[in-house]
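Have a look at the structure below, then the notes.
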Amino acid sequence: MNMHKYEKIWLLLGSGTLLVFLIVVGISAFYMGSKPPSCAVTLDPERVTEHTLFKEPGLKEIGDNEYQLTIVSSAFNYDVGNDEKLIQIPKGATVHVSSTTTDVIHGFEIAGTNVNMMLEPGYISTYTNTFKNAGTYTLVCNEYCGIGHHLMAATIEVIE
Ligand code: CUA
């Protein structure tokens, strides 16, 4: 097979880049133990409500304009601590969001913000977000989880 010089250079460059990429990923994963952040904290998925973080879900003030928001997710509900499924956050507040699922995999997206997580049984997913703009946001499940998937939502109000 006759190959053009530039073709050879291009192929070498392509496979070389791939090799470097795989070596970097391999070293960080297997040698340095890198994992997605959500894999760091685990819990027993059958005893979520006994966990200190999820005993009383909802929004708690933990500092100056700083809040902890914990939500227990299950098919097809976000337990935010009230029946209205409403969370009210003061504008500009920094919120540490933690959630987990008691059953299957669910999504956790606060539409219009950077909060977008996957909830897996046995793991606590966390994300810190500062709500800079007032308005009404919807927390939705973006992983198909069953017949009531489209009903799985809650409302977040960022108030002045
Ligand atoms: Cu939960 Cu879809």
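The values are calculated or read from the model by the stated rules, or taken from the named source; none is laboratory data. Since we're looking at a predicted model, the values are computed, not measured. Virtual Cβ from ideal backbone geometry, glycine too; neighbours counted across all protein chains shown. To get the accessible areas, we keep the full protein, side chains included, count just its heavy atoms, and leave off ligands, DNA and RNA. Shrake-Rupley method; radii C 1.70, N 1.55, O 1.52, S 1.80 Å.
Things to note:
- Yes/no for PHE108 being in a loop (DSSP other than H, G, I, E, B) and touching a strand residue (DSSP E or B) at 6+ places or on another chain (Cβ under 7 Å): no
- Remark: pairs (first residue in the range 70-90, on the phi < 0 side of the Ramachandran plot; second residue open to solvent by 10 Å² or more (accessible area, probe 1.4 Å) and among the small types (Gly, Ala, Ser); Cβ separation under 8 Å; 6+ apart in sequence or on different chains) = ALA75/GLY146; PHE76/GLY146; TYR78/ALA153.
- Scanning the range 91-107 for residues that are without any contact (Cβ under 8 Å) to a residue 40 or more places away in the chain and farther than 23 Å from ASN65 by Cβ yields a single hit, GLY107.
- Exactly one residue out of LYS91, LYS85, LYS55 is in contact with a helix residue (DSSP H, G or I) (Cβ under 9 Å, 6 or more places away or on another chain), among the basic types (Lys, Arg) and under 30 Å from LYS132 (Cα atoms), and it is LYS55.
- Considered as a group, the residues in the range 76-108 that are within 12 Å of the ligand (Cβ to nearest atom) and open to solvent by less than 50 Å² (accessible area, probe 1.4 Å) include one that is farthest from the chain's Cα centre (by Cα), and that residue is TYR78.
- Hits in the range 115-134 (condition: open to solvent by 30 Å² or more (accessible area, probe 1.4 Å), over 22 Å from ASP44 (Cα atoms) and touching a strand residue (DSSP E or B) at 6+ places or on another chain (Cβ under 7 Å)): ASN116, THR128, THR130, ASN133, ALA134
- Scanning the range 129-160 for residues that are among the acidic types (Asp, Glu) and near the ligand (Cβ under 9 Å from one of its atoms) returns a single hit, GLU143.
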